[in-house]
Amino acid sequence: MLFGAVVTCAIAQDRYPNRPVKIIAPQAPGGGVDLVARIIAEKLQVAMGQPFIVENQAGAGGAIAAQMTARAHPDGYTLMIGYVATHGTNPAVKKSGYDPVKDFTPIAMLCGTPNLLVVSRAVPVDTLQEFVAYAKANPSKVDYGTSGVGTLNHLVMEQFKHASGVPSMAVPYRSIGQAFTEAIGGQIQVVFPGLAAALPHVRSGAFKPLAVTGDRRQPLLPNVPTFKESGYEGFDGLTWYGIVGPAGMPAAITAKLNEEIGKILATQQLRDAFTTQALTVMPMTPDQFGKYIADEVVHWTAVARASKIEDN
């Protein structure tokens with residue numbers, strides 16, 4: 001029996017993939033999730049000789065896409081961009097209808113980017129300190145957009161509100177791209193997205209960057225200070241992206257995908273493409289990625305409780 005199982009796994013690995021593979025992106029087009037999904041799908045298609053098709057499925061901070069993926073047949077033909085919202089912050093603040101650890105097969109970590117607090121160009125501030133003073137003086141003029149309750153851009157803004165006393169109100173959208181559109185239109189004034197998603201809008205002049213998470217300034221925005229430099233400790237949030245599948249995927253297919261993704265992440269072309277988008281590669285084995293996910297859920301659960309953040 002053992003020999004037969006080994007042979008079956010070997011055949012599955014050798015033949016995989018023999019038809020198109022779907023990668024569910026749990027956000028609408030226009031954000032970091034979609035960007036990463038399309039870059040990695042294109043590279044996997046070239047490397048593995050079959051189409052890797054991105055399917056955007058927005059809503060509920062990624063929970064709808066995660067539930068769809070968890071229910072899919074675990075044959076390696078339905079994958080998902082598991083990221084900090086679906087496998088970190090979202091499960092930390094609400095019942096998401098799935099278990100981020102038990103219901104998925106961790107395949108490969110891809111990359112990460114810090115978060116950037118930006119305000120629309122109509123807001124008359126240029127620094128984080130000026131923003132705090134303006135928000136306190138104009139509490140009805142600093143609503144902020146999120147890509148859903150429980151996403152990292154929601155939690156870090158609530159964390160900042162708790163630390164600074166800013167009276168901003170959250171406005172949830174189906175995606176960070178929609179939040180950007182609403183901010184450009186004047187319906188909201190503040191967004192706290194991943195740097196990769198924010199860069200195009202900062203470069204276009206639509207938004208002013210005030211502070212970045214993490215322990216160092218970013219080369220692409222060298223004049224933007226960290227939160228620590230601006231007087232706020234503990235803002236280390238990272239918007240990370242990986243590939244997951246339904247629980248129970250064959251180990252051989254998981255290993256093959258991890259190996260191919262590892263090769264892709266090691267290429268200078270991919271690293272350069274990610275660097276221009278403020279993304280840093282973060283290669284991991286499936287076991288390492290699984291531990292990373294479990295640790296993230298624990299971490300963000302603690303942050304949510306400390307900041308009294310919950311989905312009401």
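The values are calculated or read from the model by the stated rules, or taken from the named source; none is laboratory data. Worth saying up front: this structure is predicted, and the values here are computed from it rather than measured. In this analysis, Cβ positions are derived from the backbone assuming ideal geometry, glycine residues included, and neighbour counts consider all displayed protein chains. The protein model used for the area step is the full one, side chains on, heavy atoms only, and it has no ligands, DNA or RNA in it. Shrake-Rupley method; radii C 1.70, N 1.55, O 1.52, S 1.80 Å.
What to note about this one:
- Restricting the first member to the stretch 189-209 and to residues that are on the phi > 0 side of the Ramachandran plot, and the second to residues that are basic (Lys, Arg), the beta-carbon pairs closer than 7 Å and six or more apart or on different chains are Gly205/Arg121.
- Looking only at the stretch 188-204, and only at residues there that are farther than 24 Å from Asn138 by Cα and either under 15 Å from the mean Cα position of the chain (by Cα) or among the hydrophobic types (A, V, I, L, M, F, W, C) (or both), the one that is surrounded by the fewest Cβ atoms within 10 Å (Cβ to Cβ): Leu199
- No other residue among Val125, Val132, Val119 is modelled with pLDDT of 95 or more, in a loop (DSSP other than H, G, I, E, B) and hydrophobic (A, V, I, L, M, F, W, C) apart from Val125.
- Residues satisfying the stated conditions in the stretch 265-277, i.e. among the hydrophobic types (A, V, I, L, M, F, W, C) and either in contact with a strand residue (DSSP E or B) (Cβ under 9 Å, 6 or more places away or on another chain) or open to solvent by 50 Å² or more (accessible area, probe 1.4 Å) (or both): Leu265, Ala266, Leu270, Phe274
- Residues within the stretch 281-312 that are in contact with a helix residue (DSSP H, G or I) (Cβ under 7 Å, 6 or more places away or on another chain) and either among the small types (Gly, Ala, Ser) or farther than 28 Å from His162 by Cβ (or both), tallied: 7
- Enumerated helices (runs of 4 or more DSSP H) restricted to the stretch 231-312, each holding at least 2 residues that are acidic (Asp, Glu): 251-266, 286-306
- A search for C-beta distances below 7 Å between a residue of the stretch 288-310 that is at pLDDT 95 or above and any residue that is small (Gly, Ala, Ser) and not in a helix (DSSP H, G or I), counting only pairs 6+ apart in sequence or on different chains, returns Phe289/Ala108; Phe289/Gly242.
- Taken as a whole, the stretch 225-247 holds at least one residue that is farther than 29 Å from Glu55 by Cβ, without any contact (Cβ under 8 Å) to a residue 40 or more places away in the chain and open to solvent by less than 40 Å² (accessible area, probe 1.4 Å).
- Any chance Tyr98 is in a helix (DSSP H, G or I) and out of contact with any strand residue (DSSP E or B) (no Cβ under 6 Å at 6 or more places or on another chain): no
- Test for Ile40: is it aliphatic (A, V, I, L, M), in a helix (DSSP H, G or I), out of contact with any Ser or Thr (no Cβ under 6 Å at 6 or more places or on another chain) and open to solvent by less than 30 Å² (accessible area, probe 1.4 Å): yes
- Residues satisfying the stated conditions in the stretch 67-87, i.e. in a helix (DSSP H, G or I) and either open to solvent by 50 Å² or more (accessible area, probe 1.4 Å) or more than 28 Å from Ala266 (Cα to Cα) (or both): Gln67, Met68, Ala70, Arg71
- Within the stretch 45-59, the set of residues being over 25 Å from Asp14 (Cα atoms) and surrounded by fewer than 24 Cβ atoms within 10 Å (Cβ to Cβ) comprises Glu55, Asn56, Gln57, Gly59.
For (1) touching a residue at least 40 places away in the same chain (Cβ under 8 Å); (2) within 15 Å of Leu117 (Cα to Cα); (3) open to solvent by less than 20 Å² (accessible area, probe 1.4 Å), each residue gets a yes or a no:
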{"site": "Pro139", "(1), (2), (3)": "no, no, no"}
{"site": "Asp143", "(1), (2), (3)": "yes, yes, no"}
{"site": "Asn153", "(1), (2), (3)": "yes, yes, yes"}
{"site": "Glu158", "(1), (2), (3)": "yes, yes, no"}
{"site": "Lys161", "(1), (2), (3)": "no, yes, no"}
{"site": "Pro167", "(1), (2), (3)": "no, no, no"}
{"site": "Gly186", "(1), (2), (3)": "yes, no, no"}
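- Total residues in the stretch 255-264 satisfying the condition of being under 15 Å from Phe289 (Cα atoms) and under 21 Å from the mean Cα position of the chain (by Cα): the figure is 4.
- Applying the criterion of at least 3 residues that are out of contact with any helix residue (DSSP H, G or I) (no Cβ under 7 Å at 6 or more places or on another chain) to the strands (runs of 3 or more DSSP E) found wholly in the stretch 139-213 leaves an empty list.
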